[in-house]
Amino acid sequence: MRKKIVAGNWKMNNDKNETKILIADLKESLKGVELENTRVIIAPAFVFLQRTAKKIKNSKLEVAAQNMHQEESGAYTGEVSAKMLKSVGVNTVILGHSERREYFGETDTLLTKKVNRALQHKLEVIFCFGEKLEDRKSGNHFEVVKAQLKNALFHLNSEDWQHIILAYEPVWAIGTGETASPEQAQEMHAFVRELVAERYISDVSEEVSILYGGSVKPANAKEIFSKEDVDGGLIGGAALHADDFLAIINAI
Ligand code: PGA
């Protein structure tokens with residue numbers, strides 16, 4: 001049975017003290033919660049990953065990085081490698097977030113390299129993809145998503161897919177307060193699962209978790225998560241407040 005996942009992408013928010021408080025609140029609140037077949041992942045900024053990995057040991061939380069560099073090591077000032085992440089206890093990395101694509105020029109070609117490097121180091125990848133508003137308006141959203149997945153992931157073998165989590169994040173719904181309707185999310189998730197099924201054996205498409213991301217809040221989480229092919233969420237803004245994040249976990 002494929003896993004349900006709620007992942008919080010904290011982006012460039014929370015200083016040391018805020019990070020500490022939020023983790024402590026989440027840990028405490030999750031103590032009594034029965035997380036049936038559900039994983040809860042938080043992704044604080046790079047500088048707090050080592051401490052977070054230590055703090056969440058023996059808790060129901062897991063930690064992920066928000067990005068990593070594609071090269072093994074070398075003269076890449078300011079960058080962080082897959083090996084570094086592993087060495088501080090991080091086992092999951094978010095790649096391909098639309099903010100990375102948009103503000104840092106990350107292309108499918110670059111993301112292929114990042115995915116390969118992550119898997120080489122046995123890092124699990126939360127791979128984000130999704131169309132822009134103009135793509136949806138022009139009816140190109142399926143083609144755009146298909147290209148993003150094909151270009152960055154479809155060279156992988158079936159085994160590799162055990163370490164891939166997909167996150168559909170329509171760019172027009174991220175941080176805008178505008179959510180895709182549960183029907184729009186389901187439609188795209190089903191399309192993506194079918195694409196994976198066409199490329200791989202059905203085990204792969206049945207087992208891969210596909211998260212929805214884009215303005216998920218306590219008020220809309222339950223309806224989105226109720227859809228057959230939506231296996232959880234990648235949460236931005238609402239993951240910064242313990243109460244909201246917990247309500248979203250509850251919704252699943
Ligand atoms: P949001 O962000 O929930 O604030 O829209 C989602 C994301 O960027 O992953």
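Listed here are the residues, each with its yes/no results for (1) open to solvent by 30 Å² or more (accessible area, probe 1.4 Å); (2) modelled with pLDDT under 95; (3) more than 16 Å from the ligand (Cβ to nearest atom).
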residue	(1), (2), (3)
64	no, no, no
81	no, no, yes
101	yes, no, no
114	no, no, yes
130	no, no, no
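In region 193-227, the qualifying residues are those that are away from the ligand (no atom under 14 Å from the Cβ) and in a loop (DSSP other than H, G, I, E, B), and the one that is surrounded by the most Cβ atoms within 10 Å (Cβ to Cβ) is 208.
Only one of the numbered conditions (1) part of a loop (DSSP other than H, G, I, E, B); (2) open to solvent by 20 Å² or more (accessible area, probe 1.4 Å); (3) more than 12 Å from the ligand (Cβ to nearest atom) is violated by residue 230, and that is (2). Would a scan of region 165-180 turn up a residue that is open to solvent by 80 Å² or more (accessible area, probe 1.4 Å) and in a helix (DSSP H, G or I)? Checked against the condition, which is being open to solvent by 80 Å² or more (accessible area, probe 1.4 Å) and in a helix (DSSP H, G or I), region 165-180 yields no hits at all. Exactly one residue among 155, 121 is surrounded by 16 or more Cβ atoms within 10 Å (Cβ to Cβ), modelled with pLDDT of 95 or more and on the phi < 0 side of the Ramachandran plot, and that residue is 121. The set of residues from region 233-247 being more than 10 Å from the ligand (Cβ to nearest atom) and open to solvent by less than 10 Å² (accessible area, probe 1.4 Å) comprises just one member, 245. In the condition set (1) open to solvent by 50 Å² or more (accessible area, probe 1.4 Å); (2) closer than 19 Å to residue 154 by Cβ; (3) part of a loop (DSSP other than H, G, I, E, B), residue 106 is compliant with all but (1). The single condition from (1) over 21 Å from residue 1 (Cβ atoms); (2) modelled with pLDDT under 95; (3) away from the ligand (no atom under 15 Å from the Cβ) that residue 176 fails is (3). Pairs linking a residue in region 47-72 that is under 19 Å from residue 120 (Cβ atoms) to a residue that is in a loop (DSSP other than H, G, I, E, B) and open to solvent by 50 Å² or more (accessible area, probe 1.4 Å), with Cβ atoms under 7 Å and 6 or more positions apart or on different chains, are 69/76; 69/79. Residues in region 154-164 that are in a helix (DSSP H, G or I) and touching a Lys or Arg at 6+ places or on another chain (Cβ under 9 Å): 163 alone.
The values are calculated or read from the model by the stated rules, or taken from the named source; none is laboratory data. This one's a predicted model, so the numbers in the text were calculated from it and none came from an experiment. FYI the Cβ positions are ideal-geometry reconstructions off the backbone, even for glycines, and counts take in every protein chain you see. Protein only, heavy atoms only, side chains kept; ligands, DNA and RNA dropped before computing areas. Shrake-Rupley method; radii C 1.70, N 1.55, O 1.52, S 1.80 Å.
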